[in-house]
Structures are given as structure tokens and as C-alpha cells.
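The values are calculated or read from the model by the stated rules, or taken from the named source; none is laboratory data. Since we're looking at a predicted model, the values are computed, not measured. Here the Cβ is made from the backbone with ideal geometry for all residues, glycine too, and neighbour counts use every protein chain on show. With ligands, DNA and RNA removed, areas are computed over all heavy atoms of the protein, side chains included. Shrake-Rupley method; radii C 1.70, N 1.55, O 1.52, S 1.80 Å.
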Amino acid sequence: MAEPGIEALAEARHGDPFALLGPHREGPDVIVRTLQPGAKAVSVVDAEEKVIPLARVHPAGLFAGPANGDGRYRLRVDWPDRQEELADPYAFGLLLGDLDLHLIAEGRHQEMGSCLGAHVMTIDGVAGTRFAVWAPNARRVSVVGDFNGWDGRRHPMRLRREAGVWELFIPAVGPGRRYKYEILGADGQLQPLKADPVGRATEPPPATASIVPDPRPFRWTDEAWMAGRARRQGPDAPIAIYEVHAGSWAPAVDGREWDSHWDMLADRLVAYAAGMGFTHVELLPVTEHPFGGSWGYQPIGLFAPTARFGPPDAFARFVDRCHAAGIGVILDWVPAHFPTDAHGLVNFDGTALYEHRDPREGFHQDWNTLIYNLGRNEVAGFLIASALEWLERYHVDGIRVDAVASMLYRDYSRKAGEWVPNIHGGRENLEAVAFLRRLNETIAARCPGALAIAEESTAWPGVSRPVAEGGLGFSFKWNMGWMHDTLRYVGHQPVHRRWHHDDMTFGLVYAFSERFVLPLSHDEVVHGKGSLLARMPGDDWQRFANLRAYLGFMWSHPGKKLIFMGGEFGQPHEWNHDVPLAWDCLDDPRHRGLQLMLRDLNRLYCDLPALHRRDTDPAGFAWLIGDDRDNSVFAYLRRGGDGDSPILAIVNMTPLPRRGYRVGVPGPGRWREVFNSDAGHYGGSNLGNDGEVRAASIPAHGQPASVDLTLPPLSTILLKHEG
């Protein structure tokens, strides 16, 4: 070997280790070379078990010598404290197929988690782990871990130039071993050790290594759920979502121990959500993230469930248990940005690989994070493969895409001169638009019935319109305008609400322009905003009554429902991710009453087609009274399909009871009061209509008949037409 090649190997600078290491035919002989820094001696054990010592040809630990026979051999390495015998990593041929590499380069490899990363396998009868990582601009990449003393000289990888992917099969490395990548950057500088971007398992934070995952497939029992999922999640289905931060929902109690936090949640959260009548749980991001205080919204491991709560199979068990209980699982997923932690994606191969190089495009000023370069095929493909990993590998029923508005606009939260226009000189992020459309088309094609929900806070048109019709292709969009308007309204003292009446009605102007989810999310109970209950005005009785009336309004309003954990029982203080919810407040009957009311609302919402079947159809809603500012009263009809009984909703947002309040209805006969937020068992004053009213043939509000009602104070009542 030429002296520069030896020195480059010894100093971990050589970019093509297979050119020098492993078996090489030289004339009639097969010469074996191996670099084993720190070894006392190295021998070749041939196919006939003959031991042939290799000569030390460089003091850094390079050994070389002939191998007898057909070239099949093992290495026997004598370390100062032990002897190790293993196959030579550099005796194996190419690992990844040409099609895999082609699809990676084009950004179309939709099963990247099965291609890149660490995979336990057997090659030519030898057990070990295949490692592969995308780092096209690196000069050298090595696998380092607890199996090689974290020494980058031991296992440098082979570059497959056509895709910029480095690969290596390391014999005898099995599940559970810790590893990272040591990367010599494009500028010749050694990067901080990098976690695997496509790693499927990690060690618990604050440690940052990736873990070789267990290759055994999870045994799912949710075939029936998956077969019927599309029906459960369509625009005409009832969807009531319980948003959960897995780490602070509840602690283990009664001295019982679980194998993991996910197993505790599978026992307790699943039963609770099902008992409360929720159709789905939505988890704040569980993708691996370095800082717990980010709640998961600054992720690094987009293919790995965070190890804080247990191993990957424990998360799969949780999803399986949810499905067994009839609960869908939605996962918050973050393709908008990523943190700058040194072991993550930042400057991954010594260049701005995943992020934009220009900070006007690549740095998010609000969150001090980096923005993905969605115009690069490999980056867009990486993100789409991540979404599919959760939907297909973990049977997640949908993703809520975080911070879509920040993706769609190049000038999002930027002043003039701080952003780069698109090729047409506009502010729209054309690359992000193309990415989101492709993401949603891919999900629709590969995961029929799965949800894709956008957190999008602007008036971008067609967010939930199909891509074929010019939209972004999401299943639903969070209705942030409705949330802000109505929370502002209920925060006013009742005496002032007449001046803000439009905050409650304006949402119906655009309610059917998109398919909406009405969100009362975690963002509304943090950063000094207070809890939902604390945002209600008045004395204690009025605060509870206000919240009950508001939730009654929300559950009878067009749109799917979402509430953050704790809101269902009136947690008194705002959410703190470091402590569990205030479950002890359920000793107070007012909190128990609120919890009972929301459970009953969920059941009515699911049982009464008029409350959900036409959520996205203007024919499913009709104002009866939308202009009674002086009394702060709202009345409207919800309609289902043919043959479904209509529901009359009346909301009184003042603490004054109103008797003899006449409301027009579409038909005569009996109207049964199926819900009253002022019921005594909810903590109200128990004022109402004795269970039913009879419509009189007195036209009102454009209807042929009308009912004479008693409106309880600060209440929502629902009446069902029963003919």
C-alpha cells in the first residue's frame, strides 16, 4: 500500500476504506488487511480453522497478511484484556440495492426507515447490523458505539456516490447497542458525533445516542379497527379528540408498577378516554426530542418514539390498546423546523444538508430553530418517509401537521429584508406547498382512511380541498379563528358581551369553506393565559356555568372537536408539563359535574347524527336567532341526513334566566330536552323545561312553528324533535 493511504487510514481520514481494508487478491494470493487500533495481535482463522497470524504493518494498528484457501475467514483479535473472534466487516460486498439508492436520491423512497438507519440482519450466515446514513458531502463517515470504544478509526463506512449514502455491515452487533456517526465534514473538520436521523430507537434523554432496534415485528391485534377506520374518520363521522401530553397526564398510583410509561397510559388513559366518550386521543409529539420543555415540538429523531416513556414496542402496545377500545390515535408531527442541538441534523455532514444555508430561509427567528430545505428531494423524501413510518409501522390513525402557516409563507414572522421572495417575487413558499401536496397525496394513496390535519392559522385557500382541485389535500384544518374569537367573547363579563356578539357568530360566515376541527388546545392554557376555567369571568358559580355553556356551544357547533387534557374537568391552573394534572380537584362536585357534562356531550355528539353528519355541509346548520345582542342569546338548528331528527340549540350567555323565550322550529310536536348544561348534576341551578316542550303553530324566525322556552342562566340547551 502507498504510504499516504496507510496514514489516511490510521488518522481516520480515508474516504474509501474498502479500497484498502478487507480481502484483496494480489496475484495468486488473497491478502487481508484490518485496522484494529489498540490490539496486541490479529490472526486470520480460515475456513479449515487454521490460524494465520497477520503482521503489524503500521503502529496505529494496521495488520496484514495472506489468507489461505478460498478467502473465507474470520478475524481473531487479541486485546489487552480479552480475545475476540468475528467476521471482517470489509469482507462484505455492496449492501443497498440500486433501486433503493435511486429512490433515495429522487426523494421517493417511502420506506426509508427500512433502508437507512441500523438494521439487524444475517448476511452469508453472519449475524450483525447494517448501518446506512445519508451524508453526501462528508469526506469520511464512521459508525462509533459501545461495541468499538467510540473509535472512528474502527468502522469507517463505504460511500455509495450515486445517492450520497454511506453503508457498513458490522458483524456481531445486535439489538440494544448504542451508536452514533462520526463524520469528517466537507471542510475536513470533524463534526460532533451525530445521532442517526433515521434511527428507530434512542437512549433516554438527556443521553443522545441511537440504539440498534429490535428487529422482531410487533404482533398487532387491530385488524378489525384498521379495516373500519376510514368510516370512523370521514367528514360525516363524529370526531371528538382528547389532546394529551403523555408525560404529564397522570402519575402511576397505588404502588403499582408498569413496564413503561406507555403501558401505564395503555391501562389508565385508554380506559379514561373511552369512558369519557372521546373518539380519539391526540398526542403532543412523541418523536424523540432533546428538550422536554419543548413538549416534543423541537424533534430530532423523526423515526423514533421518545425513549422517555419506554421502548418502541411499548408505544406500539399503547396504540394497539387504543384501537381495541375503539379509540383512534393522532400524532402531532413537526416538519416545519428542528433544533440546533449538535448531535442532531444541523450542519450534518459539514454542510447545510437538511436546512437552508441562507438564514433568511433557514433560521426560524421565533423558535431559534432551523427550517428544512423542502426544495431538496432527499429532505422532502425524508420527511414524507417519517410520516409514513408512524402511519404504517405504528398504525397511527392520523397526523396533525404542526405550524403549517410558518411553512406556507416565506415572510412568516419576518420584517422587510429578512426574507427571500420566491421565483415569482412573491411571499408564498412554493417548495412547501409542493411538499404538503405530495405528503397528503402519498398518505391518501398508501394509508386510506388516515387523517392529515393542518394547524394553519391564516386564510390560505383550500387547505382541506383535494390536491386535484387545487387544494393542499389535508383532511381537516384547525379553526384557529373560531377559537380566538369565541375565547375572547367568553372572557368578557356578561354585561359587556352585547358589544362583542359577532365574535360568536362570525365563525359561521366561513364555517364550511374548509373541513374544520374546533381546537381548545394546549396552546390556550400556557404562557400566562391561565386554564380554561380561569379565563371565565365572574364568581365561582359563574365561571363553571360559563365554561359549561361554552363547551355546550362548541359541541353543538359545526366542526370536529378537540380539547386539551384537564379542560374536561376544569383544571384550575394553567398546564405545567413538569407536574401531573390536578386530578385531586375532582373531589369538588363542581369539577366532577363539569367532567360528567362533557362525557354526556360526547355521547350525544356521537349518538345524534344531526350533531356531526353534516359538519362540512352548509345544509347541516341554520341560524334561528343570531342577532339578539341585548340578551346575548343564540339559537340554531343542526340537521343530519334524511330521516335524522333535527337538533335545536339555544345558548344564553348571561347569568339571567329567561322565561317565555320563543324560538322558531321547523315542525310541530314534541321537542325533548336532551341536554341542559344547567342541570343540577352538572353543578347548575337545575332550571329548564321539564324535559320537553310542545311546538305551537305560531310562525317565528322564518319557521312554521315555534316553542316557548325557559332559558337557564349561562347555559346551553339542546332539544331533539321527536314529532
Exercise for the section: Could you tell me what fraction of 2.2 N^0.38 Å the Cα radius of gyration of region 7-62 comes to, as a two-decimal ratio? Expected result: 1.20
Practice task
Report, as a whole number in µm² per second, the diffusion coefficient that Stokes-Einstein gives for region 1-146 at 10 °C and 1.306 mPa s using the Kirkwood radius over alpha carbon pairs.
Solution key: 94
Completion exercise
Quick tally, 1.4 Å probe accessible area for H492, H280, sorted with the most first, runs H492, H280
Practice task
Give me the angle, in degrees from 0 to 90, between the Cα long axis of helix 480-490 and the longest principal axis of the Cα atoms of the chain, rounded to the nearest 10.
Solution key: 40
Problem - Within region 652-723, percent of DSSP bridges classed antiparallel, to nearest 5 - result: 100
Problem - Cα-projected label distance for I52 with A325, points at 7 Å along beta-carbon direction, nm - result: 6.3
Exercise for the section: Would you mind putting 136-142, 415-421 in packing order, based on average other-beta-carbon counts within 10 Å, highest first? Expected result: 136-142, 415-421
Handout entry: With Cα atoms, 0 to 90° folded angle of helix 377-388 axis to the chain main axis
Key = 60
Exercise for the section: Heavy atoms only, probe 1.4 Å: what % of the accessible area of region 1-120 goes to carbon and sulfur, would you let me know? Expected result: 51
Fill in the blank from the handout: Mean separation of Cα contacts under 8 Å (at least 6 apart) over the residue count of region 505-559, i.e. the relative contact order in percent, is 33
Problem - Charge dipole of region 152-300 about the Cα centre (unit charges at C-beta), most positive-ward option of V173, Y297, A274 - result: V173
Practice task
Over region 116-246, give the accessible area per residue in Å² for a 1.4 Å probe, as an integer.
Solution key: 38
Problem - Distance-filtered residues of region 470-495 - backbone nitrogen under 18 Å, label point 7 angstrom along A444 Cα→Cβ - result: 470-478
Problem - Probe 1.4 Å, all protein chains present, accessible-area order of Y510, Y682, largest first - result: Y510, Y682
Exercise for the section: With r as the distance between the Cβ atoms of N368 and R161 and R0 = 30 Å, compute the FRET efficiency 1/(1 + (r/R0)^6) and round to 0.05. Expected result: 0.30
Exercise for the section: Give the residue from L35, S715, S260 lying farthest towards the positive end of the charge dipole for the chain; charges sit on Cβ (+1 for Lys and Arg, -1 for Asp and Glu) and the dipole is referred to the Cα centre. Expected result: S715
Exercise for the section: Would you be so kind as to identify which of C115, F63, H484 lies farthest towards the positive end of the dipole of the chain, taking Lys and Arg as +1 and Asp and Glu as -1 on Cβ and the Cα centre as origin? Expected result: H484
Handout entry: Length-normalised contact order of the chain in % [C-alpha pairs under 8 Å, at least 6 apart]
Key = 9
Exercise for the section: Write down the Kirkwood hydrodynamic radius of region 160-236, to one decimal in angstroms, obtained as one divided by the mean of 1/r over all alpha carbon pairs. Expected result: 16.5
Problem - Rounded to 10°, Cα long-axis angle of helix 261-275 versus longest principal axis of the chain - result: 20
Problem - Karplus (6.51, -1.76, 1.60) ³J(HN,Hα), θ = phi - 60°, over region 46-54, in Hz, Gly and Pro reported as x - result: 7, 5, 9, 6, 7, 9, 10, x, 9
Problem - Calculated P(r) tail over 15 Å for region 401-454, as whole % of Cα pairs - result: 53
Handout entry: 3J(HN,Hα) from dihedral phi, region 503-520, Karplus parametrisation 6.51/-1.76/1.60, rounded to Hz, x for glycine, proline
Key = 4, 8, 9, 5, x, 6, 5, 10, 4, 10, 6, 9, 8, 10, 10, 8, x, 10
Completion exercise
Carbon plus sulfur, as percent of the 1.4 Å-probe accessible area of region 399-439, comes to 51
Exercise for the section: Relative to the compact-globule scaling 2.2 N^0.38 Å, provide the ratio for the alpha-carbon radius of gyration of the chain. Expected result: 1.15
Fill in the blank from the handout: Computed on Cα atoms, the radius of gyration and Dmax of region 439-532 in angstrom are 16.1, 53
Handout entry: Relative contact order computed over region 280-409 (Cα-Cα under 8 Å; 6+ residues apart), in percent
Key = 26
Fill in the blank from the handout: Whole-Hz Karplus couplings 3J(HN,Hα) for region 143-151, θ = phi - 60° and coefficients 6.51, -1.76, 1.60, Gly and Pro as x, run 8, 10, x, 6, 8, 9, x, 6, 9
Practice task
Provide I123, I384 ordered by accessible surface of protein heavy atoms (probe 1.4 Å), highest first.
Solution key: I123, I384
Handout entry: Cα-based Lys proximity count in the chain, under 25 Å, for pairs eight or more positions apart or on separate chains
Key = 9
Completion exercise
To the nearest 20 debye, the chain has a Cα-centred charge dipole, built from +1 on Lys and Arg Cβ and -1 on Asp and Glu Cβ, of 1080
Exercise for the section: Summarise the accessible area of region 180-242 (1.4 Å probe, protein heavy atoms) by the percent that is carbon and sulfur. Expected result: 56
Exercise for the section: Can you run the Rg to Rh ratio on region 65-215? Use alpha carbon positions and the Kirkwood inverse-distance Rh. Expected result: 0.97
Handout entry: Computed accessible area, W671, all protein chains, 1.4 angstrom probe, square angstrom
Key = 0
Completion exercise
Per its Cα gyration tensor (rounded if a/c is under 1.5, else prolate when a/b beats b/c, else oblate), region 377-500 is best filed as oblate
